[in-house]
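Taking it in order: structure first as structure tokens, then the write-up.
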Amino acid sequence: MSRRILISGASVAGNAAAWWLGRYGHDVTVIESAAEFRDGGQNIDVRGVGRDVLKRMGLDSEALERGTGEEGTAWVNSDNSIAAEFANKELESDGPTAELEILRGDLAKLLYESASAHVKYRFGMTIENVEDGADSAAVTFSNGETESFDLVVIAEGVGSATRELVFKGENDPRWMDLTIAYFTIPRSPQDDRLWRWYNAPGGRSISLRPDTHGTTRANFAIQEVANGEQKWDQARQKAYMRNRFLDAGWQADRIIAGMEETEDFYFDVLRQVRMKSWSKGRVVLTGDAAWCATPLAGIGATLSLTGACVLAGELELNRDTAEALSSYEQALRPMIEDGQGVPKIGTRLMHPRSRLGIHLLHSTLNVASKPTIRDFFASKFLSNQPKSPDLASYPMPAN
């Protein structure tokens, strides 16, 4: 049964949902608040069932080709010497660096390009109001137009405005006590293919990660209780990070200089989205808008890809939309709850407040990286592989 479906959000979750729903034969429109497709963004990884979804879509090989080429993860000292390293070539399975590491924008673009043949995209638009009815949902857009849809899919991200419009006050976020700024800086000759992680006293860390665009992806992170910093304007956020990292050492000066000039600064206080229900009438949530697990879980893209496949699959199996949305949640909820089970103590352990704590962290990781235990340690403590639904129960699209 073909449905008229609106998807709000054109990043990983929205484009993946568009791919599946379009190929199942639905009339799909995707809207995006940005004036044009947004590429860029930081490293994300796809693991386990997420790779299975990409394989079902026929996109896994191309995603690997567009990957960042990251070869492993290293914790470094102030002189850039390696204190502990987990190299991909030495691990039997994914560790902190997965086989498929890719920039958010590069994965979203791959999905967008593939979905475009079957769906319509409208940029520079947002949802202003949704009136749910017995037979359809009337959506009023930011340009003043109103259209009716059989289903509205909200795939807008952790701070989704449409989620708050339709599910007002229903998100009970779990704050993770970590503030992060992500941005792109010029590549330096000393940058290699490793994810280099540096700890500074005071619960601070700096990361540098490779890409395939001739630049380097950087972030500053501070482990502390949130105090509304995500609501500040960008100038204040940059000043905050600059002041907190001036004395951090390692490559802080270079990274601060790059932050001042970057065009893709993204700042967030990490929190998980916790919703009792992902649907209301003819409106359904997916991706980070429904269940953001935060980058600490390391499975955001995997959850978005899986969620899109399950949502479309249940709509294909069930003629009744309400039954399909209920089955979607029933099938996916165990994976989400498992994936969100990141212990908050982990942020404190990985961001020591003293030099002694940093020394103990590095010593522990160094021992754990030895050949006799590195695979067990990496899979147990540095890689998240939640239980997943049975994708084989969903039919493959005919087209």
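The values are calculated or read from the model by the stated rules, or taken from the named source; none is laboratory data. Not measured: the values here are computed from a predicted model. Virtual Cβ from ideal backbone geometry, glycine too; neighbours counted across all protein chains shown.
With β-branched (V, I, T) and more than 19 Å from S78 (Cα to Cα) as the only criterion, which of I206, I256, I185 stands out? Give the steps one after another, and end with the answer.
Values: I206 fails: more than 19 Å from S78 (Cα to Cα); I256 fails: more than 19 Å from S78 (Cα to Cα).
Residue meeting the stated conditions: I185.
Within region 155-174, the set of residues being among the polar types (S, T, N, Q) and under 13 Å from S277 (Cβ atoms) comprises just one member, N171.
In the set (1) modelled with pLDDT of 90 or more; (2) under 30 Å from S8 (Cα atoms), L365 fails one condition alone, (2). Return yes or no: is L305 closer than 27 Å to L91 by Cβ and either hydrophobic (A, V, I, L, M, F, W, C) or within 19 Å of the chain's Cα centre (by Cα) (or both)? Answer is yes for this residue. Would you call P352 part of a loop (DSSP other than H, G, I, E, B) and surrounded by 20 or more Cβ atoms within 10 Å (Cβ to Cβ)? Considered against the rule, which asks whether it is part of a loop (DSSP other than H, G, I, E, B) and surrounded by 20 or more Cβ atoms within 10 Å (Cβ to Cβ), P352 comes out as yes. A35 meets the conditions (1) at pLDDT 95 or above; (2) part of a loop (DSSP other than H, G, I, E, B); (3) among the hydrophobic types (A, V, I, L, M, F, W, C); (4) surrounded by fewer than 17 Cβ atoms within 10 Å (Cβ to Cβ) in every case but one. The failed one is (1). Summed over region 349-399, residues that are within 27 Å of the chain's Cα centre (by Cα) and among the hydroxyl-bearing types (S, T, Y) total 6. Looking only at region 298-319, residues that are of a type in the set (A, V, I, L, M) and either touching a Ser or Thr at 6+ places or on another chain (Cβ under 9 Å) or farther than 15 Å from L111 by Cβ (or both) come to 6 in all. Taking each residue of region 139-166 that is closer than 22 Å to L21 by Cβ and looking for partners that are basic (K, R) and assigned to a strand (DSSP E or B) with beta-carbon atoms closer than 8 Å, six or more apart or interchain, yields S148/R4; F149/R4; D150/R4; L151/R4; V166/K280. All conditions in (1) in a helix (DSSP H, G or I); (2) surrounded by 19 or more Cβ atoms within 10 Å (Cβ to Cβ); (3) touching a strand residue (DSSP E or B) at 6+ places or on another chain (Cβ under 8 Å) hold for V269, with the sole exception of (1).
Would a scan of region 60-77 turn up a residue that is under 20 Å from L332 (Cα atoms) and assigned to a loop (DSSP other than H, G, I, E, B)? Checked region 60-77: no residue is under 20 Å from L332 (Cα atoms) and assigned to a loop (DSSP other than H, G, I, E, B).
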